[in-house]
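Notes follow the structure.
The values are calculated or read from the model by the stated rules, or taken from the named source; none is laboratory data. As the structure is a prediction and not an experimental result, all values here were calculated from the model. Every residue, glycine as well, gets a Cβ built from its backbone with ideal geometry; the counts of neighbours run over all protein chains shown. Ligands, DNA and RNA are excluded from the accessible area calculation, which covers all protein heavy atoms including side chains. Shrake-Rupley method; radii C 1.70, N 1.55, O 1.52, S 1.80 Å.
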Amino acid sequence: MQSDSEHGNKCGTVTVTVYKDKTGQPYFTVTTDTDDVLPVSYVIEDTLYLY
């Protein structure tokens, strides 16, 4: 178990939502609740586009 001193302050949330189109092909959206986590969302989005 980690102690409280090892945790930082939350700076945002990144959400990945996966859908399927009419043909059954999956697609996704990546959303953030703050600009502070945009770099993380870009990495996730770029990685998902590779697959």
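Structure notes:
- In this entry, Tyr19 is excluded by the filter for residues that are over 10 Å from the mean Cα position of the chain (by Cα), of a type in the set (Ser, Thr, Tyr) and at pLDDT below 95.
- Failed item in (1) part of a loop (DSSP other than H, G, I, E, B); (2) at pLDDT 95 or above; (3) exposed (fewer than 12 other Cβ atoms within 10 Å of the Cβ), with Thr29 passing the rest: (1)
- The stretch 39-51, subset open to solvent by 50 Å² or more (accessible area, probe 1.4 Å) and either touching a strand residue (DSSP E or B) at 6+ places or on another chain (Cβ under 8 Å) or in a strand (DSSP E or B) (or both), residue farthest from Lys10 (Cα to Cα): Leu48
- Residue check, Thr34 touching a Cys at 6+ places or on another chain (Cβ under 8 Å), of a type in the set (Ser, Thr, Tyr) and either surrounded by fewer than 10 Cβ atoms within 10 Å (Cβ to Cβ) or at pLDDT 95 or above (or both): yes
- Scanning the stretch 9-19 for residues that are open to solvent by 70 Å² or more (accessible area, probe 1.4 Å) and farther than 17 Å from Tyr49 by Cβ gives Asn9, Lys10, Cys11.
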